[in-house]
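Data block below; observations after.
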Amino acid sequence: LSLSILLTLGLGASSSWAASPGEIRWFDLVTEDATAAKAFYTELLGWGLEISPSGSFIATLDGRPVAGISQVDGKFPEKDESTWLAAILVADLPASVNKATELGAQVLEPISRVEGYGSYAVIEDPQGAPAMLVVTERELGGLEGPGAWAWAELWTDDIDASSVFYSEVIGYDRSEVGSASGPYPVFTA
């Protein structure tokens, strides 16, 4: 079970900041080689880099934070390979974490705060996919422009169970769009 992501590499200018629960405007790469990852992604996407208050790396786009890159170093039990975590904005972080655990999720990292950025918790949904639930304190990411996040996709073996889980925890609605291979489920906020 995993999450696939898509970056925009050449669309128009960035939009102004306005975030709503359910939006994904940030990803965090937890990797076994943060130094190599930062070199790769800054070269590929033209990101700048800063050191975060927690000592990991913050990737920036036009001076705006768009992603984190940090070393795995046993951060999550039984996860020793690189993983991109989607940071999903929520209205009430404690309530969302409580609802997630009530529905069978495991908390991989309890609610933590990064000064000047916001608060987050990392969960593993009942099907085994990791996600980060976030409340921000500042502008993060963006949905348009080169290097911005354009799409996040959950790969799961139980679409119906995932739909119920993310509807209850995040407030997503599930709909279906047509594709060459048949109906394709999507979540909207």
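Extension gain for the segment residue 150 to residue 92, taken as residue separation times 0.36 nm less the Cα-Cα distance, is 18.5 nm to one decimal. Residue 20 contributes about 60 Å² of solvent-accessible surface, heavy atoms of the protein only, 1.4 Å probe.
Once the 1.4 Å probe is applied to the protein heavy atoms, the stretch 21-90 comes out at 46 Å² accessible per residue. Taking only protein heavy atoms and a 1.4 Å probe, the accessible area of the stretch 38-189 is 51% carbon and sulfur.
Just check the stretch 99-189 against the gyration tensor rule for me: Cα atoms, a ≥ b ≥ c as the square roots of the eigenvalues, rounded for a/c under 1.5, and otherwise prolate or oblate depending on whether a/b exceeds b/c.
Values: a/c = 2.37, a/b = 1.24, b/c = 1.92.
Cα axes put the stretch 99-189 in the oblate bin.
Computed extension gain for residue 60 through residue 174, at 0.36 nm per residue and net of the alpha carbon distance, reaches 37.9 nm.
Extents of the stretch 23-107, taken as max minus min of Cα coordinates on every principal axis and listed largest first, are 42, 29, 22 Å.
The values are calculated or read from the model by the stated rules, or taken from the named source; none is laboratory data. Note that the structure is a prediction, hence the values are computed from the model and not measured. Calculation scope for accessible area: heavy atoms of the full protein, side chains included, ligands and nucleic acids excluded. Shrake-Rupley method; radii C 1.70, N 1.55, O 1.52, S 1.80 Å.
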